[in-house]
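A.B. asks: Quick one: this structure, given as structure tokens, is what I'll be asking you about.
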Amino acid sequence: MPRTGRLMGAAEIMLRLRIRETRLKYYLALPTWPATFDEPAAGRMWLTKDIEAWIAKYRPDLAEEPEGE
């Protein structure tokens, strides 16, 4: 899966986690979910590195292999 840019919105997170909006809402309510980086008019944004760190810890089945492997 191609890496996203520095920021991820809800659509990118749903694609990355292979989930729908209902499941994303569940994740957003978790105390372990990363803090929002910014909230422009288009919607909340998260740092990609924070989302990837969360995935590595809580959804290791979806963690990306380090580049070059």
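The values are calculated or read from the model by the stated rules, or taken from the named source; none is laboratory data. In this text, all values refer to a predicted model and were calculated from it rather than measured experimentally. Note that we place each Cβ from the backbone using ideal geometry, even for glycine, and neighbour counts take in every protein chain shown. Heavy atoms of the whole protein, side chains included, go into the accessibility calculation; ligands, DNA and RNA do not. Shrake-Rupley method; radii C 1.70, N 1.55, O 1.52, S 1.80 Å.
A.B. asks: Looking only at region 5-34, filter to residues that are part of a loop (DSSP other than H, G, I, E, B), touching a Leu at 6+ places or on another chain (Cβ under 9 Å) and open to solvent by 60 Å² or more (accessible area, probe 1.4 Å); which one of those is modelled with the lowest pLDDT?
C.D. replies: ARG6
A.B. asks: So is ALA41 assigned to a loop (DSSP other than H, G, I, E, B), small (Gly, Ala, Ser) and either loosely packed, with under 14 Cβ neighbours inside 10 Å or touching a helix residue (DSSP H, G or I) at 6+ places or on another chain (Cβ under 6 Å) (or both) or not?
C.D. replies: yes
A.B. asks: What are the residue pairs meeting all of these: first residue in region 39-61, first residue closer than 15 Å to ARG16 by Cα, second residue open to solvent by 60 Å² or more (accessible area, probe 1.4 Å) and basic (Lys, Arg), Cβ atoms under 6 Å, and 6 or more apart or on different chains?
C.D. replies: Pairs found: THR48/ARG6.
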